[in-house]
Every structure is written in structure tokens, then in C-alpha cells.
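Participant: Take a look at the following structure, please.
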Amino acid sequence: MSVLVEARDAVLSFGPTPALRGASLTVTPGEIVAVMGPSGSGKSTLLHCLAGILVPDGGEIWFEGRRVDTLPEAQRSELRRRRFGFVFQFGQLVPELTAVENVALPLLLGGTRRAAALAEARAWFERLGLEGVEGRRSGELSGGQAQRVALARALVTRPGVLFADEPTGSLDSLTGEHVMDLLVSSARDEGTTVILVTHEPRIAAYADRDVIVRDGKTALLSVQRTTT
Amino acid sequence: MTVPLALLGLLEREPSHGYDLKRDYDVYFGRGKPLPFSQVYSTLGRLARDGKVEAREPEPGAGPDRRRYVITDLGVTEVETWLNEPVEAEPHLQTVLFTKVVLALLLGRDAEAYLDAQRAAHLARMRELTEIKRTGPLMDRLLADHGMFHLEADLRWIELTSARLEPLAAEVRS
């Protein structure tokens with residue numbers, strides 16, 4: 001079984017406060033993994049280390065057989081832009097841009113011509129049930145619509161890994177589940193690996209398996225989903 | 001307790017044979033746990049004895065029992081009362097989970113390992129229910145939601161208990 005993303009004994013402190021105390025995680029291509037744990041357990045820190053946003057003080061981070069934590073920031077930034085997608089809980093959309101411009105943004109940053117980028121971005125609006133809101137700005141979108149636009153923006157570059165940190169945390173249950181349904185369906189269609197941080201079991205239940213982070217360590221790997 | 005009342009409710013809708021009642025029960029309420037014929041007929045027998053249904057004379061036709069059952073006024077009142085009564089909001093203090101944790105601590109065994117295993121089992125079941133919610137008909141999705149919320153409540157309890165194992169152990173062993 002090949003490994004796509006891996007943390008090996010990651011250790012990281014913020015000043016005197018330890019956040020990770022030797023967290024390890026292995027994710028294979030196409031997997032959807034939920035990282036769970038109480039507030040302050042280190043689950044978001046682990047996700048940020050895996051995504052190359054934070055560099056651990058100790059241990060190693062690997063992606064596609066390449067050591068990530070030893071890369072210079074410029075190369076990690078390039079890796080994030082080209083190979084990773086991100087969905088967070090709040091405030092992800094650029095308020096000055098329309099929804100479709102927001103989705104096209106990663107393509108434009110990657111050098112795609114504007115017309116082509118906007119056309120590709122528009123296709124995602126239909127896939128995620130967002131027809132008609134392409135020209136709206138973030139302030140004119142509902143919470144669920146804004147999260148779906150953020151999801152489209154994260155997936156438009158067809159990333160190898162989608163990192164999602166409490167992606168439904170600001171939504172009511174029904175809207176949150178709708179967003180998760182779309183996230184999981186889209187990821188499976190595209191073969192995208194998903195690493196999902198959540199404290200909500202019903203959101204984690206969309207994943208193939210769960211990892212519990214407790215006091216900065218990965219504490220439990222649960223059984224794989226049994227397909228029926 | 002719900003089987004007799006569910007059957008009574010189905011009979012309030014229309015008089016029915018035992019076979020048809022069983023079929024309707026399985027469609028609406030069975031959800032993978034079909035009601036045995038023996039239970040249908042024994043329940044109907046008790047309901048008739050208690051004056052909540054009346055069994056009409058057997059009708060000619062194929063099959064062992066072509067008796068039609070009709071709900072009585074007493075039966076209708078029973079259904080109406082039951083539907084208006086909230087189910088007792090039980091605190092569930094004596095659950096198996098609670099007993100296992102306390103016993104493990106009493107015996108000096110690894111209660112945390114049990115809670116981790118229980119958490120994994122709950123999450124695995126939640127994944128199965130999520131699949132039903134994603135692909136099943138609305139009635140199944142509603143039932144899955146009900147199950148999910150109960151499992152979620154257990155999981156919250158598991159989290160809290162995990163965080164309190166040390167003081168709990170001290171209290172149990174004192």
C-alpha cells in the first residue's frame with residue numbers, strides 16, 4: 001500500500017506550550033481521513049504540519065516520497081499552491097472578488113489565462129449546486145453557499161490532497177451535512193485524498209477512518225469503513 | 001411495547017388480516033428486523049382478549065388464517081393516548097457503558113482502552129449510518145439520523161469520561 005502523506009513523530013511547541021508531542025499519521029492515496037480530538041489537542045496543528053504551513057520542531061513530514069519539512073518556505077508554498085487544496089471554517093473568500101473569480105483565483109495564480117480559468121471555475125458551480133451565484137460577492141452568499149464556493153476553489157486545481165479544517169464548523173447541521181456530502185462526492189470523483197479535522201463525530205463519519213489526537217499524540221486508529 | 005401499539009395503529013387505518021398487518025409493519029417499522037408471524041398472531045390474540053380488537057369470522061380463501069381484525073373504540077383510545085404521550089426522558093444512568101467503565105476501574109483494568117474501543121465501534125456504526133443517509137430513501141435517512149444523534153450523545157459522554165478517568169478511579173476505589 002503506497003503512502004501519500006505521512007507525519008513521523010512530529011513535535012511542535014508554540015513558545016513554552018507543546019502542541020504536538022510525537023504525532024504520527026500515514027495516509028494513502030484516495031483516502032478520506034478524519035482527524036478528531038478535543039479543543040487544544042493538536043489536531044489543527046497536525047494538519048498544518050502535514051500541509052507544509054507549519055514546520056515541526058522535530059520529526060518528519062513526507063508527501064509523495066519527498067521530505068516536506070526540510071524544504072525552504074518558497075518550495076513549500078509552491079507545493080501548497082500546486083498540489084494541495086484548503087477549506088477552513090471562516091473567512092476564506094476574497095470579499096472584493098465575485099464568487100466565480102474566487103474559484104478561478106488558484107488557476108490564475110498558477111498561470112492559467114483568465115478566460116480559461118473562469119470557464120473552468122464556472123463548471124464547478126453546476127457541480128456543487130451553485131448556479132446563479134457566480135457574480136455575487138462573499139457578503140451576498142449564505143454560509144452554506146460560501147463554503148461550497150470555498151470548496152470549489154479548493155478543488156478547481158484538482159489537488160492531490162484536500163486539507164479541510166472544521167469545514168462545516170460555522171454551518172447548521174443540515175447545511176453542514178450537505179457541504180460534507182458534496183465534499184466527499186467530489187473528492188471521490190476526482191480521486192482526491194482528504195484530511196479532515198473536525199470535533200464533530202457526525203462530520204467525521206463521512207471519512208473512511210478516524211484518527212484521534214489526544215495531548216498532541218495520535219491515539220487511536222479506528223477500523224476501515226466496511227463497504228456494504 | 002411498541003409492537004402492539006404499532007399494530008393497533010395500522011388497524012385504525014383499516015381492518016386487516018394478520019398477513020397484511022405483518023407486511024405493513026415490516027415496510028414501515030421493520031427496517032431489517034421483520035416481525036415474526038408468530039408474534040403478530042400472539043399479539044393480535046392478546047389485543048382481542050383485552051377488547052382492543054375484534055377478530056371477525058374466517059373468510060374462505062387460501063392460507064391458514066383469513067381472519068380480519070378490526071380495531072375497537074377502546075383500541076382507538078389506546079392509540080390516541082399513546083401518540084399524545086411523550087416517551088419518558090430517561091437519564092440512562094445505568095447503561096452498559098457506565099457499568100463497564102466503573103467495573104474496569106474497580107478491578108484496576110484499563111478503562112481508557114475500553115473507551116477507545118467503544119469510540120471506534122461507535123464511529124464505525126456512524127459511518128454505516130452516514131452511508132444510509134447519503135444513499136437511502138428519506139424514511140431510512142430519518143431513522144439513521146435518530147441513531148446518529150444517540151451515538152453522538154454516547155460519544156460526548158465517552159469524551160467527557162475519558163477526560164475524567166483519574167478522579168473517577170480515585171472516587172470508585174475510595
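The values are calculated or read from the model by the stated rules, or taken from the named source; none is laboratory data. Keep in mind that what you see is a predicted model, and the values were worked out from it rather than measured. Virtual Cβ from ideal backbone geometry, glycine too; neighbours counted across all protein chains shown.
Participant: Going through region A:25-53 one residue at a time, which ones are touching a residue at least 40 places away in the same chain (Cβ under 8 Å), touching a helix residue (DSSP H, G or I) at 6+ places or on another chain (Cβ under 9 Å) and part of a loop (DSSP other than H, G, I, E, B)?
Facilitator: Those that are touching a residue at least 40 places away in the same chain (Cβ under 8 Å), touching a helix residue (DSSP H, G or I) at 6+ places or on another chain (Cβ under 9 Å) and part of a loop (DSSP other than H, G, I, E, B): A:GLY30, A:GLY37, A:PRO38, A:ALA51.
Participant: Given the criteria more than 16 Å from the chain's Cα centre (by Cα), more than 22 Å from A:SER186 (Cα to Cα), small (Gly, Ala, Ser) and assigned to a strand (DSSP E or B), does A:GLY22 qualify?
Facilitator: In short, yes.
Participant: Continuing with the same structure: For region B:130-138, indicate whether the set of residues that are within 25 Å of A:SER39 (Cα to Cα) and part of a helix (DSSP H, G or I) is non-empty.
Facilitator: yes
Participant: Hey, any hits in region A:85-104 for a residue that's within 14 Å of chain B (Cβ to nearest Cβ) and not in a loop (DSSP other than H, G, I, E, B)?
Facilitator: Within region A:85-104, not a single residue is within 14 Å of chain B (Cβ to nearest Cβ) and not in a loop (DSSP other than H, G, I, E, B).
Participant: Residue by residue through region B:46-73, note down the ones that are part of a helix (DSSP H, G or I) and either surrounded by 13 or more Cβ atoms within 10 Å (Cβ to Cβ) or basic (Lys, Arg) (or both).
Facilitator: Listed by number, the residues that qualify are B:ARG46, B:LEU47, B:ALA48, B:ARG49.
Participant: May I pose another question? Tally the residues that are within 12 Å of chain B (Cβ to nearest Cβ), within 15 Å of the chain's Cα centre (by Cα) and crowded, with 24+ Cβ neighbours inside 10 Å, restricting the search to region A:184-209.
Facilitator: Summing the residues that are within 12 Å of chain B (Cβ to nearest Cβ), within 15 Å of the chain's Cα centre (by Cα) and crowded, with 24+ Cβ neighbours inside 10 Å in region A:184-209 gives 5.
Participant: Another question about this same structure. Picking from A:ALA164, A:ALA152, which residue would you name as being touching a residue at least 60 places away in the same chain (Cβ under 8 Å) and touching a Leu at 6+ places or on another chain (Cβ under 6 Å)?
Facilitator: That would be A:ALA164, the only listed residue that is touching a residue at least 60 places away in the same chain (Cβ under 8 Å) and touching a Leu at 6+ places or on another chain (Cβ under 6 Å).
Participant: Please determine whether any residue of region B:99-119 is surrounded by fewer than 12 Cβ atoms within 10 Å (Cβ to Cβ), assigned to a helix (DSSP H, G or I), among the polar types (S, T, N, Q) and within 13 Å of chain A (Cβ to nearest Cβ).
Facilitator: Looking through region B:99-119, none of the residues is surrounded by fewer than 12 Cβ atoms within 10 Å (Cβ to Cβ), assigned to a helix (DSSP H, G or I), among the polar types (S, T, N, Q) and within 13 Å of chain A (Cβ to nearest Cβ).
Participant: If you take the residues in region B:120-172 that are among the β-branched types (Val, Ile, Thr), farther than 21 Å from B:GLY30 by Cβ and more than 7 Å from chain A (Cβ to nearest Cβ), which one is surrounded by the most Cβ atoms within 10 Å (Cβ to Cβ)?
Facilitator: Of everything passing the filter in region B:120-172, B:ILE158 is surrounded by the most Cβ atoms within 10 Å (Cβ to Cβ).
Participant: So, in region B:63-101, how many residues would count as being charged (D, E, K, R), within 21 Å of the chain's Cα centre (by Cα) and at pLDDT 85 or above?
Facilitator: 2
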